[in-house]
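The values are calculated or read from the model by the stated rules, or taken from the named source; none is laboratory data. Not measured: the values here are computed from a predicted model. Counting neighbours? That spans all protein chains shown, and the Cβs are built from the backbone with ideal geometry, glycine included. Note: areas computed on protein heavy atoms with side chains; ligands, DNA, RNA excluded. Shrake-Rupley method; radii C 1.70, N 1.55, O 1.52, S 1.80 Å.
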Amino acid sequence: MSYLYIPKGNQKLTVELTVKEAMAISSGVHFRENPRLAAEARKKVREQMDSLLMPQSIQLQYHLLEV
């Protein structure tokens, strides 16, 4: 059996979500008044994971790229 190594894998991650956001990403509840609620909550989690796993010095600064 092979194991995947995740740096800082046992470190706790704290994300502040509203009850509605937590329900939207954990159980898939859809809120008609705000259909983007789940996407915004996932974005909050992703941003916290990025800040924990990748220090600011090695993150890509997409807004500085000339495309």
>> Looking at segment 33-47 only, could you name the residues that are in a loop (DSSP other than H, G, I, E, B) and surrounded by 12 or more Cβ atoms within 10 Å (Cβ to Cβ)?
In response: Asn34
>> Please go through segment 12-56 and give me each residue that is β-branched (Val, Ile, Thr), in contact with a helix residue (DSSP H, G or I) (Cβ under 7 Å, 6 or more places away or on another chain) and touching a residue at least 12 places away in the same chain (Cβ under 8 Å), ordered by number.
In response: Val15, Ile25
> How many of the residues in segment 3-32 are part of a loop (DSSP other than H, G, I, E, B) and either within 21 Å of Leu53 (Cβ to Cβ) or open to solvent by less than 100 Å² (accessible area, probe 1.4 Å) (or both)?
Replying inline: 20
